[in-house]
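Trainee: One structure is given below, represented as structure tokens, and several questions about it will come after.
Taken together, the values in this text are just the output of simple stated rules run on the coordinates, not laboratory data. Since this is a predicted model, take the numbers as computed values, not measurements.
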Amino acid sequence: MEQAIPETFSCLPEQGSSTLPLRLLNDFAVGVLEGPGKYASLTDVRTRKLCLRGTLVQPNEQPLEEHENDTQQPIQTEAVLDWMIEYGSKPCIWVSTAAAWYKLLAPAADYKATFQPAQRKLDLCSRAAAALQVNPGLSYE
């Protein structure tokens, strides 16, 4: 269960905040909640009940490559509610459940092909955001 995850795997919000804990998920896959072993794309979140499977890593200030030696925790989440793209110097995808927000690090090797639609959206949106930062006078028209 997501609520039973040790606090060392979460960045906890300030007391009194309604914000969910933030967690880092590596070697992840998105699956169909009712179908163990069946992969799905994040883009299916509106039409299917999805869950995340993967390995939580403890948050720290190290780059992704250095997370390999951290203490890790396998997890399968409850239903995915939504996902979003975070823009900035290192764009990434965040996924929410009722219990936490998960920053997706690297997909599992056998999930990479299924993850491509979401990865393409991340890449395209990141390029568009970067172009707008360089030239704020641009429009979508």
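Trainee: When only alpha-carbon atoms count, how far does the range 19-59 stretch along each of its three principal axes, as whole angstroms with the largest first?
Mentor: Answer, in whole Å and largest first: 30, 24, 16 Å.
Trainee: Separate question: Mind listing the long-range amide H neighbours of Glu78? Cut-off is under 5 Å, sequence gap 5 or more, other chains count too, H placed in the peptide plane at 1.01 Å from N.
Mentor: Amide H neighbours of Glu78: Glu2.
Trainee: Which whole-Hz couplings ³J(HN,Hα) result when phi for each residue of the range 75-83 is put into the Karplus expression 6.51 cos²θ - 1.76 cosθ + 1.60, θ = phi - 60°, listed in order with x for Gly and Pro?
Mentor: Working through the residues one at a time gives 8, 10, 7, 7, 4, 6, 8, 6, 9 Hz.
Trainee: Need the list of lysines near Lys121 for cross-linking: C-alpha distance under 19 angstrom, and skip anything on the same chain fewer than eight residues off.
Mentor: Within reach: Lys90, Lys103, Lys112.
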